[in-house]
Amino acid sequence: MPRDPLIAFVGKPSAGKSSMLNALTDATAKVGNFPFTTIEPNRAVGYLQIKCACARFGKQEFCKPTYGTCNNGTRHVPIQLLDVAGLVPGAHEGRGLGNKFLDDLRHADCLVHVVDVSGTTDAEGKETRGYDPSVDIEWLRGEIVRWVGGNLREKWGSIVRRHVAIKGNAVDTLQGQFSGYGSTAKLVARFLDRLGIKQPLDHWDDSTIERVVEGFVDEKFPTVLALNKVDHGDADMNIAKIAKQQKPGSIVLCSAATENLLKRLKKQGYIQYEEGTEFVDTKVDIPDSDLKPLDEKLQQRIEDLRDLVLYRHGSTGVHQVLQRAADLLGLIPVYTVKNTHTFSSSDSSGKTAVFRDCTLVRRGITVGDVAQRIMGGDCTFIEGVGGVRVSEDDLISEKNNILSFKIGARAA
Ligand SMILES: Nc1nc2c(ncn2[C@@H]2O[C@H](COP(=O)(O)OP(=O)(O)OP(=O)(O)O)[C@@H](O)[C@H]2O)c(=O)[nH]1
Ligand SMILES: [Mg+2]
């Protein structure tokens, strides 16, 4: 049964994971320039910006989400975020409590690897200068592969014996091992298919098991590389190096600290700032506004951040991180409505509005899966836009995502 997608921030200590969580949510996770500021994972709700279905039907003014907001067709849909403790080299063997911290990642659907691209923290998150952050990227994936691989190899002998005894198939046997990571049989079938392994499972050698583990990790934990601290002067050369090594679609440039500073100054009435954009205005820019004047130091800081981050990269990048994660996951909004002609429903006080309820699901999920999740399977038939009958087996897509789950007898 599909559940709400969960995006987890991972990386070495002091890369900026908690700063990222705070930048994207109302959370106040502890931030510090020393390793292991975070020990227990912090969970918070962020908001993914999508184009709302209300705009498709010209009903923007009647759109009132139950959760999140919708401003003139741009909807902010809640999404679960998790900030975990920093990982250090050897984490998969338990170094720095790495085993426990890796365990916190089990149910993530997508990872955001927060990389300190300024090169001012070493492999363990301690302050330094001139560290090469490109090595962190291979290291982190390797750490996760060795963690999953270690757990599998530990039991491989008995897994194979049971597989042979019950004449099992590879998908079921592997799913039995990977279910603890929130895997599904569909997911296992998909990556096994992609790998195209010909030998039966009981003949797999070490290198085949390695390929299987890597295939599983890539499928289960698609990863966005959030190159953080782009406001730092040393970031440029490191970004150039990483950009040459990695797929362009996997990289987002960002500065979590900049976003947090702008959010704070906005809240305190010093600046006008539209999150996710490059636009920041101070009292100097709009003298006849109600904005409070900034002191000289902060005014200069804003000027610097405009040059180093906002104008150069188009924004602080933190919202793009979520956007990229949603793209990697293939998230599609599904709107459940009572009435498939007007899309409206009323709240407890009797006020009506359109498209109140929206959830994010992954591409590849069927209408029946969603019915199961929302109605617990308690649904006799399903309608799409205009009352058209929709089959349980139909896939959810951008064109098939407004649904009404009906209980009772079908209309003739
Ligand atoms: N220059 C700069 N510093 C940043 C940025 N984002 C975070 N930092 C700083 O990096 C340090 C570590 O930030 P945290 O958010 O605590 O890092 P973390 O990854 O959660 O660290 P652990 O919890 O120890 O694993 C703090 O001093 C932050 O202020 C950024 O965009 N630019
Ligand atoms: Mg932290």
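Which one of Asp26, Asp116, Asp109, Asp104 is touching a residue at least 60 places away in the same chain (Cβ under 8 Å) and under 18 Å from Ala257 (Cα atoms)?
It is Asp116.
Residues of the stretch 204-237 being in contact with a strand residue (DSSP E or B) (Cβ under 8 Å, 6 or more places away or on another chain) and assigned to a helix (DSSP H, G or I), which ones?
Ala235 - this is the single residue of the stretch 204-237 that is in contact with a strand residue (DSSP E or B) (Cβ under 8 Å, 6 or more places away or on another chain) and assigned to a helix (DSSP H, G or I).
Per-residue answers, yes or no, for (1) among the charged types (D, E, K, R); (2) in the same structural domain as Lys241 (by TED's automatic domain parsing); (3) free of Cβ contacts under 8 Å to residues at least 60 places away in the same chain:
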| position | (1), (2), (3) |
| --- | --- |
| Arg129 | yes, yes, no |
| Asp136 | yes, yes, no |
| Gly157 | no, yes, yes |
| His163 | no, yes, yes |
| Lys167 | yes, yes, yes |
| Gly176 | no, yes, yes |
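Does Phe405 qualify as being out of contact with any Leu (no Cβ under 7 Å at 6 or more places or on another chain) and modelled with pLDDT of 95 or more?
no
Taking only the stretch 20-31 into account, find how many residues are within 12 Å of ligand 2 (Cβ to nearest atom), under 18 Å from His113 (Cα atoms) and over 13 Å from the mean Cα position of the chain (by Cα).
The qualifying residues number 3.
Report, by residue number, each residue of the stretch 39-63 that is touching a strand residue (DSSP E or B) at 6+ places or on another chain (Cβ under 6 Å) and β-branched (Val, Ile, Thr).
Of everything in the stretch 39-63, those that are touching a strand residue (DSSP E or B) at 6+ places or on another chain (Cβ under 6 Å) and β-branched (Val, Ile, Thr) turn out to be Val45, Ile50.
Inside the stretch 41-85, can you point out the residues that are of a type outside the set (Asp, Glu) and within 16 Å of ligand 1 (Cβ to nearest atom)?
Pro41, Asn42, Arg43, Ala44, Gly46, Leu81, Leu82, Val84, Ala85
With (1) in contact with a helix residue (DSSP H, G or I) (Cβ under 8 Å, 6 or more places away or on another chain); (2) under 24 Å from Leu97 (Cβ atoms) as the list, and Gly142 as the residue in question, which single condition is left unmet?
(1)
Which one is farthest from ligand 2 (Cβ to nearest atom), of the residues in the stretch 238-264 that are farther than 19 Å from Gln299 by Cα and part of a loop (DSSP other than H, G, I, E, B)?
Lys247
Say we look at the stretch 34-55 and pick out the residues that are under 23 Å from Leu261 (Cβ atoms) and within 11 Å of ligand 2 (Cβ to nearest atom); which of these is nearest to the chain's Cα centre (by Cα)?
Asn42
Contact list please: Cβ distance under 7 Å, first residue in the stretch 230-241 and free of Cβ contacts under 8 Å to residues at least 40 places away in the same chain, second residue not charged (D, E, K, R), pairs at least six apart or on different chains.
Sorted first by the residue in the stretch 230-241, then by its partner, the list stays empty.
The values are calculated or read from the model by the stated rules, or taken from the named source; none is laboratory data. Keep in mind the model is a prediction, meaning the values are calculated, not measured. Positions of Cβ are backbone-derived with ideal geometry, glycine not excepted, and every protein chain shown enters the neighbour counts.
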